[in-house]
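Worksheet: the structure to be examined is printed underneath.
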Amino acid sequence: MDYLKNYSLNGKVALVTGASYGIGFAIAKALAGAGAVIVFNDIKQELVDKGLAAYEEAGIKAHGYVCDVTDEDAVNAMIAKIEAEVGVVDILVNNAGIIKRIPMIEMSAKDFRQVIDVDLNAPFIVAKAVIPSMIKKGHGKIINICSMMSEFGRETVSAYAAAKGGLKMLTRNICSEYGEYNIQCNGIGPGYIATPQTAPLREKQADGSRHPFDQFIVSKTPAGRWGEAEDLGGPAVFLASDASNFVNGQILYVDGGIQAYIGKQPS
Ligand code: NAP
Ligand code: GCO
């Protein structure tokens, strides 16, 4: 028996939001490698075009759409276009996200709301737009890209942690409300991954030394390194495939062991 066929995504349409680059792009490549047709969006046409070129270079004929995921009308219009032009979305990866690193008492309510809007309200909006067709089709997979900040706080990321904590519970609630329609909604909680979003935390110092936060994360991670976006591809294929049909409401942390480790002890 070819057990690996349970991981096949042949014939499936996967929408990965905010996937012109970064984690979304890496996850989309992995889903494509398992057979999925890739659909992605970004806010700007130039980024969608850049993304299409990058997918083509990777041998993937992707479908790109310009859409701000916080705009419910735009999201509903995009999903209607995707269903007409590509097909019903079988797999949704709510990946698009932002972070603002500002001490809470210095953060404006406007900035706080913007992070909540992209990182929590938008996954709600996009999931709400695709679930009806998943119900009609009799199956669906939703993967919300959570974070270690779904479990932990740290200085300067109050809005992001609040959003990602909420996204963990939205994941569990979609599982609870739509599991009976054979829809599985799970989260992936990446650890610290080397992407543009974390570039400021890895910047070389003026004296050429590594950023203190870079050294901190490496010392706290048993793997002794930052994650690569590609490290998330396998877990995403698993959660997008029939191999995970009885996995629901879970957050799969892909963090190199950082959450299990007290940190390197002084030598
Ligand atoms: P990234 O490099 O900053 O990429 C984020 C993507 O989301 C970009 O393509 C961005 O497009 C898009 N986006 C932002 N706001 C959008 C909106 N309103 N509508 C549509 N697209 C939008 O981030 P990343 O590191 O790849 O992270 C991707 C996801 O993983 C995020 O949810 C992040 O919170 C999460 N995550 C990241 C890490 C990490 O260490 N990197 C760890 C845990 C979780 P534009 O370029 O046009 O803004
Ligand atoms: C930060 C980082 C983290 C990572 C990720 C960790 O400033 O602490 O950006 O938030 O992005 O979410 O899982």
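Inspection of segment 19-26 identifies at least one residue that is modelled with pLDDT of 95 or more, of a type in the set (Ser, Thr, Tyr), more than 20 Å from Lys137 (Cβ to Cβ) and surrounded by 21 or more Cβ atoms within 10 Å (Cβ to Cβ). Out of segment 12-51, which residues are in contact with a strand residue (DSSP E or B) (Cβ under 8 Å, 6 or more places away or on another chain) and of a type in the set (Gly, Ala, Ser)? Of everything in segment 12-51, those that are in contact with a strand residue (DSSP E or B) (Cβ under 8 Å, 6 or more places away or on another chain) and of a type in the set (Gly, Ala, Ser) turn out to be Ala14, Gly18, Ala19, Ser20, Gly24, Ala28, Ala32, Ala36, Gly51.
Can we say Gly234 is within 14 Å of Gly187 (Cα to Cα), of a type outside the set (A, V, I, L, M, F, W, C) and open to solvent by less than 60 Å² (accessible area, probe 1.4 Å)? So Gly234 passes the test.
Could you tell me whether Ile131 is within 26 Å of Trp226 (Cα to Cα) and among the aliphatic types (A, V, I, L, M)? Answer is no for this residue.
This table checks each residue for (1) closer than 24 Å to Ala129 by Cβ; (2) within 13 Å of ligand 1 (Cβ to nearest atom); (3) of a type in the set (Lys, Arg); (4) in a loop (DSSP other than H, G, I, E, B).
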| position | (1), (2), (3), (4) |
| --- | --- |
| Gly11 | yes, no, no, yes |
| Ile23 | yes, yes, no, no |
| Ile38 | yes, no, no, no |
| Ala53 | no, no, no, no |
| Lys61 | yes, no, yes, yes |
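Which residue, of Thr156, Thr171, is of a type in the set (Val, Ile, Thr) and assigned to a loop (DSSP other than H, G, I, E, B)?
On the way: Thr171 fails: assigned to a loop (DSSP other than H, G, I, E, B).
Answer to the check: Thr156.
Restricting to segment 189-229, count the residues that are more than 10 Å from ligand 2 (Cβ to nearest atom), surrounded by 14 or more Cβ atoms within 10 Å (Cβ to Cβ) and touching a residue at least 40 places away in the same chain (Cβ under 8 Å). Residues flagged as more than 10 Å from ligand 2 (Cβ to nearest atom), surrounded by 14 or more Cβ atoms within 10 Å (Cβ to Cβ) and touching a residue at least 40 places away in the same chain (Cβ under 8 Å) within segment 189-229 amount to 3. Looking only at residues in segment 148-188 that are in contact (Cβ under 8 Å) with a residue 24 or more places away in the chain and among the polar types (S, T, N, Q), the one that is farthest from ligand 1 (Cβ to nearest atom) is Asn182. Condition test on Asp73, is it within 16 Å of ligand 1 (Cβ to nearest atom), open to solvent by 50 Å² or more (accessible area, probe 1.4 Å), out of contact with any His (no Cβ under 9 Å at 6 or more places or on another chain) and in contact (Cβ under 8 Å) with a residue 24 or more places away in the chain? Here the answer is no, as Asp73 does not meet what is asked. Would you mind stating whether Val118 is in contact (Cβ under 8 Å) with a residue 12 or more places away in the chain, under 27 Å from Cys67 (Cα atoms) and within 10 Å of ligand 1 (Cβ to nearest atom)? It is true that Val118 is in contact (Cβ under 8 Å) with a residue 12 or more places away in the chain, under 27 Å from Cys67 (Cα atoms) and within 10 Å of ligand 1 (Cβ to nearest atom). The set of residues from segment 76-93 being open to solvent by 30 Å² or more (accessible area, probe 1.4 Å) and among the acidic types (Asp, Glu) comprises Glu83, Glu85. Within segment 146-188, can you find the residues that are more than 7 Å from ligand 2 (Cβ to nearest atom), of a type in the set (A, V, I, L, M, F, W, C) and closer than 22 Å to Ala240 by Cα? Correct list: Cys146, Leu167, Met169, Leu170, Ile174, Cys175, Ile183, Cys185, Ile188.
The values are calculated or read from the model by the stated rules, or taken from the named source; none is laboratory data. Predicted model, so just to flag it, every value in this text is computed and none were measured. Note that we place each Cβ from the backbone using ideal geometry, even for glycine, and neighbour counts take in every protein chain shown. When the accessible area is computed, the model is the full protein with side chains, heavy atoms only, and any ligands, DNA or RNA have been set aside. Shrake-Rupley method; radii C 1.70, N 1.55, O 1.52, S 1.80 Å.
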